[in-house]
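S.K.: Following this message is one structure expressed as C-alpha cells.
The values are calculated or read from the model by the stated rules, or taken from the named source; none is laboratory data. Computed from a predicted model, the values in this text were never measured in an experiment. All Cβ positions, glycine included, derive from the backbone under ideal geometry; neighbour counts span all protein chains shown.
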C-alpha cells in the first residue's frame, strides 16, 4: 500500500516538474532574429573592360565627372606643361575679379613697359597678343588674349595686375595649387614658358573641371577665334578642334621641353544622356612644337571618340537579387531581395558602391514580401535606390519548438 502511494507521489512530482519545465521553456525569451548582409560595399560593372587608344609613352587621363574615371596611363610624374599653366592664371584673375557672361570687367591701361615686353616676346617667337601703349584692355579681352591667343605677354600683364608683381602672383599660384589638391603641380611663371612649371595630366584635368563650372571661362575656351584690338585680323585658338564634334575646350601647350600638351573637354551622348568628358595628354613628343601640338590634339580626339562606344547603361542587379537574409533558429533563413533592377550608367570594370539600409527588425513574425529597407548603388554622383523586401515569410516559433529548444 505504502509502495503504491510512494509511486503515485513520485509520478506526481515528475508530472509537476515536466509541467514546470514546459512552462519555463514556453516563457523563456525568444531570441532576436539575426540579419546577415551578403552584398559587398564595393563592386564593379561586369564585362570586359574598355580598351582605349591611350597614346604610347605619354601620360594621359580620362574622366567623366559624376560617373567615374577611366584611369591614368603612362608615366604620371610632374612634367613641363607649357601654356596649360595659363589655366591657373585665369583661375586667379576670375577669383580676384569675377566676370559675368555679358560683362567686360575692369580695364587695364597698356604701359610702355608692356609694349617692350611684347616686342621682346615677338623677337623670341613666343605666342603673344599685340598691345599698344595707352590703349585700354578690358578684363574679358585680356582673358581672351590669355586663353585663345595664348599670349605670354598677357599672362605677365595679368600677373602684375592681380598680384602686384609677377613673383607674388606665382607664389599665389603655388599656394592655390596646394589648396586645390594639385599636389604634383608647381609654377615658376604665369605663362608656362619656363620648363620649371610642371604638373601632371590628372592635376590639370582636376583644375579644368573646376574652372569649367565658371560660365565665362567655359565660354572663353569654347571660342575658335578672337578679335585683336586695333587689328583687322583674327587670332585663332591653338585648339583648332574646338567647336567641332562637341569639343568645347580647354587649353593647349607646346614648347620644346613640354612637348604637346592638351587638356580637353567634349560633350557626348552616352547612354541617352548628354555628358561632358574630360581628359588630358601631357608630353607628346615631336621634332617641332607644331607637330607636338597636332599629335596631342589627335590623341585627345581619339580618346573622346573611343568613349562614345564604351559607355552605356548596365543592369548591375536584377530584381530579386539576394542581398542578405533574416535568420531565426526555428526555421530556414528568409532571404532579403531587391524588388527592382538597378541600372547604372558606366562601363565594364567601373567600380560602384553599394549601401544597404535596413529597418530595425524586432518582430518574430514577418509576412512575405515585406519591405524592410533599401539598397543604394552609387557611381560618382549618380545614385539608384531600390526597396529591399523579404523573399518569404518569417512565421514565428511553433509551440513544439518553444517546448523542445535547448
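S.K.: Can you confirm whether segment 311-325 contains a residue that is under 24 Å from residue 218 (Cβ atoms) and surrounded by 21 or more Cβ atoms within 10 Å (Cβ to Cβ)?
M.R.: Yes: one or more hits.
S.K.: For segment 229-244, name all the residues that are surrounded by 13 or more Cβ atoms within 10 Å (Cβ to Cβ) and modelled with pLDDT of 90 or more.
M.R.: Once the filter is applied, which keeps residues that are surrounded by 13 or more Cβ atoms within 10 Å (Cβ to Cβ) and modelled with pLDDT of 90 or more, segment 229-244 yields 235, 236, 237, 238, 239, 240, 241, 242, 243.
S.K.: Next question. What do you reckon, is residue 142 touching a helix residue (DSSP H, G or I) at 6+ places or on another chain (Cβ under 7 Å), more than 19 Å from residue 223 (Cα to Cα) and buried (at least 21 other Cβ atoms within 10 Å of the Cβ)?
M.R.: Criteria not met by residue 142.
S.K.: Scanning segment 146-158 for residues that are out of contact with any strand residue (DSSP E or B) (no Cβ under 7 Å at 6 or more places or on another chain) and in a helix (DSSP H, G or I), which turns out surrounded by the most Cβ atoms within 10 Å (Cβ to Cβ)?
M.R.: 154
S.K.: Follow-up. Read through the list (1) without any contact (Cβ under 8 Å) to a residue 60 or more places away in the chain; (2) outside the structural domain of residue 134 (by TED's automatic domain parsing), then give the number of the only condition that residue 118 fails.
M.R.: Going through the list (1) without any contact (Cβ under 8 Å) to a residue 60 or more places away in the chain; (2) outside the structural domain of residue 134 (by TED's automatic domain parsing), residue 118 breaks only (2).
S.K.: Could you say which residue among 343, 326, 277, 282 is assigned by TED's automatic domain parsing to the domain that holds residue 400 and more than 21 Å from residue 42 (Cβ to Cβ)?
M.R.: 326
S.K.: Select, from 71, 105, the only residue that is part of a strand (DSSP E or B) and either surrounded by fewer than 14 Cβ atoms within 10 Å (Cβ to Cβ) or free of Cβ contacts under 8 Å to residues at least 40 places away in the same chain (or both).
M.R.: On inspection, the qualifying residue turns out to be 71.
S.K.: Step by step: first the residues of segment 196-228, then only those that are crowded, with 16+ Cβ neighbours inside 10 Å and assigned to a loop (DSSP other than H, G, I, E, B), then the one that is nearest to the chain's Cα centre (by Cα). Which residue is that?
M.R.: 212
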